[in-house]
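Below is one structure, written out as structure tokens; comments come after it.
The values are calculated or read from the model by the stated rules, or taken from the named source; none is laboratory data. The structure presented is a predicted model; accordingly, all values stated were derived computationally and were not measured. Quick note on the areas: whole protein, heavy atoms, side chains included, nothing else; ligands and nucleic acids left out. Shrake-Rupley method; radii C 1.70, N 1.55, O 1.52, S 1.80 Å.
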Amino acid sequence: MDEQVESGYPKIDLTSLLRGCWRSFRYLMKYGILLMVVLAGLMCFRSWRGYSPVYEASASFTVKVTNPFYGSQAYYNSAAAQQMAATFPHILSSSALNQRVMEELDIPYMPAVKVSVLGNTNIVSLAVRSDDPKLCYDVLNCVMEIYPSVAEFVVGPTTMKLMSESGMPQAPVNSVSYPRAAVKGMVLGFGIWAVWAVLYWLSHQTVSDEEELGRLVNLECLGRVPAVRGYSKKNSYLCPVITHGSDKFGFNESIRLLRVRVERQMAKTNSQVLLVTSTIANEGKTTVSINLALSLAQKEKRVLLLDCDLRNPSVAKALGRKPGLGLSDYLQKKCKLDQVLRHEDNDFLYSIYGGKPMSRPDQLLSSSSMKGLINAARKSFDYIILDTPPCALMADTAELFSMADCALLSVRQNFACRQQIVEGVQILGDSQKPVIGCVMNMNVSQFGSRSYSDYGYYGGYGHYGSYGQSEKQE
């Protein structure tokens, strides 16, 4: 392994980063939308729960400051108006005025009072806000009544002439804006969704093309198998196979090209028994195994396909067959070899299905009976293909690799984490047997809408979360 394999994280450019974040964003779409809806609802509920009505009483009046140098003559020149505009708010907010108002009305606190002066005039607007409409009105009147006596110590004798007033407030001046609250919640949810997508990608960095895969594991990519949508809905086979249906997605041609390259690599290493595995479940290893076997049989090569995934047998199901007796039964000496060896539609293809699922098949797979079966098959078949469990999940694959000649790794596009792929290759490398290459499986366009989704039989593959628990070994 080279330095990139040791680290598991090759250099990432900006394009790969954006592409990966976009895939994660789309993968988390249903959760992101749900989060936005929930937060929008919570923000609306918060606005409703925290709503408190606010009432406002207001009045407009003129203020006259009597000039002490000119007797009772009042002046309204610009300088006087500016002086009044500067001093009036300070007087209203002074502790002397507030204390007198609170004593007069016998209230424990002073509600909010706002004052403004119209330009360079002596026209003043006064507004009082509180959650009690009567308190607003009472404070407004009390301020206008007390103000002249308090202001006299600051600007001299003052008179106030009321121009208009709102009267006792009948309705609150504030209201709950549910649309605004919902928008805030959705924006917050979208932000969390975006951050979540970035963090998800950082913790689930996958492989999107052959170049990335080659740099990651230093293995030759022998082929690229395209995704085939909805195959199981139209065919008796539950996985796409080269002998059925049209080649709309280029599936048949991709398998033929893979077979040519696999044959070449096996010839170089003088190999006869090929182990096909993947890093984790749902990467399409069974479909690769089946189609390689079919393609080789079409060339009139005698091929034996062995379903060695005894914890979760899948070949029979993928081919649309009834499982019946299989490899697990033969290894437990419950039946003879001719009872489990099946002749498929192609005259050159034989198969042994997995049989009854087992929870602990490791002893059987490493038994002398298994070794004897493979050695006997070498004399009767040109190629033997072993469909095995995911190598990073189960030790069964390592046991089987000791009996095989070489291995092929199936890697699903944008699925397994890079570190998982590296660990899988390292596990295979520990067996000191050649890994002839890998195949990029279930390829879709770089911005395909189903980069993380299933198709055909792949979607139904495996239950490794409760792996091997469906049946206990007898």
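What to note about this one:
- With distances taken between every two different alpha-carbon atoms, the range 136-227 has a Kirkwood hydrodynamic radius of 21.5 Å.
- For the listed residue pairs Lys268/Lys334; Lys30/Lys356; Lys134/Lys184; Lys299/Lys379, the alpha carbons are over 28 angstrom apart in Lys268/Lys334; Lys30/Lys356; Lys134/Lys184.
- Whole-number D in µm² s⁻¹ for the range 227-354, Kirkwood Cα-pair radius fed into Stokes-Einstein, 25 °C, 0.890 mPa s: 159 µm²/s
- Here the range 396-447 was treated as a single set of alpha-carbon atoms; its pair distances binned every 10 Å from 0 give 22, 50, 22, 6, 0 percent.
- Of the residues Thr158, Thr243, the one with the largest accessible area comes first in the ranking Thr243, Thr158, computed with a 1.4 Å probe on protein heavy atoms.
- Its residue count N sets the reference 2.2 N^0.38 Å, and the alpha-carbon radius of gyration of the range 175-224 equals 2.10 times that reference.
- Here Lys64 is the anchor, and the aspartates and glutamates within straight C-alpha reach of less than 19 Å, apart from those fewer than 8 places off in the same chain, are Glu145, Glu152, Glu165.
- The Cα trace of the range 346-407 gives Rg and Dmax of 12.3, 35 Å, the first to one decimal, the second as a whole number.
- Tail fraction, Cα-Cα pairs, the range 94-133, threshold 12 Å, whole percent: 67 percent
- Aspartates and glutamates whose Cα lies under 19 Å from that of Lys322, excluding same-chain neighbours fewer than 8 positions away: Asp307, Asp309, Asp338, Glu344, Asp345, Asp387, Glu471
- Cα convex hull volume per residue for the range 300-437 (Å³): 124 Å³
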